[in-house]
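Reading through the structure tokens given below for one structure.
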Amino acid sequence: MALANENYLKTPEIYCFDEIEKRVNAFKILHPTAKIIRLGVGDVTRPLPHEVIQAMHKAIDEMGHAETFRGYSPPQGYDFLIEKIQKDYRTLGVVLDKETIFVNDGAKSDIGNIGHVLGRDNIIAIADPVYPVYENATIMSGRAGVINDDQKWSNVVYLRCTAETDFIPELPSEKVDVIYLCNPNNPTGTVLSKAELKRWVDYAIEHQSIIVYDGAYQAYVNEPDVPRSIYEIKGAKKVAVEIRTYSKTAGFTGLRCGYTIFPKELMVYTKMGEVSPLIKLWNRRITNYTNGVSYIVQRGAEAIYSRKGKAETQELVNYYLTNASLIRAELVSLGYEVYGGVNSPYVWFKTPDGQTSWKFFQQLLYDCQVISTPGIVFGNSGEGYMRLTGFSSREATLEALSRIRKGGF
Ligand code: PLP
């Protein structure tokens with residue numbers, strides 16, 4: 001008899017965003033001709049940069065000739081891409097060894113996979129509200145404990161992240177071992193400044209903790225006191241793994257490519273107190289569990305670093321950022337309490353009259369045909385808040401805002 005990994009049964013059967021789709025489908029049945037605008041889900045909509053397309057065409061042609069054909073990628077990624085990533089970090093004043101850069105098939109995989117190389121008994125800290133994958137990965141790996149009446153897991157430390165903290169997560173008051181930090185933050189669009197992030201690095205150094213730093217939206221940072229990488233903070237290489245992705249930077253959500261940094265200075269401990277660099281464990285994981293990312297996709301990613309590629313990706317990011325700032329400005333002018341939308345494609349705002357997130361979601365859907373994301377799907381503290389994204393087209397964004405204004409919201 002094959003036994004199930006029961007930890008998997010503890011996560012919700014449908015992923016939080018699927019509930020939104022269920023409700024949208026119900027609406028479509030009732031209103032089949034309605035012109036729905038999606039400002040809910042965090043997926044990009046603009047086409048890939050021309051440079052990326054060209055590079056991938058060339059790579060496909062190479063695959064069609066015996067002399068240039070490529071089989072398995074090196075598990076860590078091709079040097080041609082790793083060297084570009086390394087050079088890109090230098091522009092931030094961060095020097096990385098090539099061997100510490102691991103190309104992957106997007107951030108989500110490594111957010112889950114990192115649990116493989118960390119001990120089961122670690123106490124995990126996550127913000128509330130938060131990108132749901134951190135909590136689900138903690139549950140599925142058997143680290144969460146039991147669920148309490150308030151829907152919180154007994155072994156997880158939830159970092160307060162509310163209007164009182166300006167939706168910036170608060171440092172834990174107790175000792176935790178692994179901290180997931182997302183900066184700029186999804187869903188709230190808020191950011192930790194360099195000075196604030198330094199407090200997290202100092203905490204981690206003091207407690208021998210690890211920060212899993214999710215920099216999925218680093219390309220959206222445009223204020224000088226906000227870090228693009230945690231390694232801009234002194235001492236961070238001793239405590240932080242940094243995960244990045246081309247998904248929201250260059251439209252790679254469907255192509256799948258990103259990378260994770262495991263600095264050699266970052267140590268973990270056995271129960272007997274022996275010390276090991278985490279990168280050693282990660283190397284064993286990737287050589288056993290992956291055969292790398294497609295050559296064609298890695299060539300596409302490399303093209304982002306050319307002069308033209310950089311300009312095209314910056315244009316993409318600016319496009320989405322402008323949408324976000326339009327959303328932010330409109331909501332502010334309508335009198336909402338608004339966060340984000342400055343260094344982030346996400347805008348987070350409080351529902352009017354204390355309405356629940358799902359109630360306001362339904363109102364926006366039925367009265368304006370606009371899809372939003374209810375804050376509650378990101379955790380208990382998201383209740384009463386909503387997330388809108390700048391990832392739609394300019395026209396659709398403006399149309400949605402006009403409907404919201406006309407709808408008297
Ligand atoms: N991390 C955060 C905070 C995200 O919002 C997302 C996607 O929405 C991801 C990671 C996943 O990125 P990827 O497409 O690289 O898997």
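The values are calculated or read from the model by the stated rules, or taken from the named source; none is laboratory data. It should be emphasised that the depicted structure is a prediction, and the values quoted were computed from it without experimental measurement. Positions of Cβ are generated from backbone atoms using ideal geometry, with glycine treated the same way; all protein chains shown enter the neighbour counts.
Of N136, N122, all but one fail to be at pLDDT below 95 and either surrounded by fewer than 20 Cβ atoms within 10 Å (Cβ to Cβ) or farther than 25 Å from F17 by Cα (or both); the exception is N136. Listed by position, the strands (runs of 3 or more DSSP E) contained in the stretch 218-320 that have at least 2 residues being within 16 Å of the ligand (Cβ to nearest atom) are 240-245, 258-261.
Mind listing just one residue for me: the one in the stretch 43-57 that is within 16 Å of the ligand (Cβ to nearest atom) and farther than 11 Å from R299 by Cβ and, of those, modelled with the lowest pLDDT? For the stretch 43-57, the residue satisfying everything is D43. Suppose we keep only residues that are in contact with a strand residue (DSSP E or B) (Cβ under 6 Å, 6 or more places away or on another chain) and either part of a helix (DSSP H, G or I) or more than 9 Å from the ligand (Cβ to nearest atom) (or both) within the stretch 124-134. Which one would you say is nearest to M267 (Cα to Cα)? Checking each candidate, the answer is I124. Against the test of being part of a helix (DSSP H, G or I), within 16 Å of the ligand (Cβ to nearest atom) and in the same structural domain as C257 (by TED's automatic domain parsing), the options I60, I85, I20 yield a single qualifying residue, I85. Screening the candidates G40, G106, G112 for the property of being on the phi > 0 side of the Ramachandran plot, within 16 Å of the ligand (Cβ to nearest atom) and under 22 Å from the mean Cα position of the chain (by Cα) yields one hit, G106.
Counting the residues of the stretch 262-289 that are in contact (Cβ under 8 Å) with a residue 60 or more places away in the chain, touching a strand residue (DSSP E or B) at 6+ places or on another chain (Cβ under 8 Å) and buried (at least 18 other Cβ atoms within 10 Å of the Cβ) gives 6. The residue of the stretch 307-333 that is surrounded by the most Cβ atoms within 10 Å (Cβ to Cβ), among those that are out of contact with any helix residue (DSSP H, G or I) (no Cβ under 6 Å at 6 or more places or on another chain) and hydroxyl-bearing (S, T, Y), is Y320. Cβ-Cβ contacts under 8 Å between residues 6 or more apart (or on different chains), taken from a first residue in the stretch 231-257 that is touching a residue at least 60 places away in the same chain (Cβ under 8 Å) to a second residue that is polar (S, T, N, Q) and more than 11 Å from the ligand (Cβ to nearest atom), are listed as T249/T313; A250/T313; C257/Q298.
Within the set Y305, Y295, Y319, the sole residue that is touching a Lys or Arg at 6+ places or on another chain (Cβ under 6 Å), at pLDDT 95 or above and more than 30 Å from V239 (Cβ to Cβ) turns out to be Y295. So in the stretch 382-394, with the set limited to residues that are more than 11 Å from S357 (Cα to Cα) and in contact with a Gly (Cβ under 9 Å, 6 or more places away or on another chain), which one is surrounded by the most Cβ atoms within 10 Å (Cβ to Cβ)? Applying the filter and picking the extreme gives L388.
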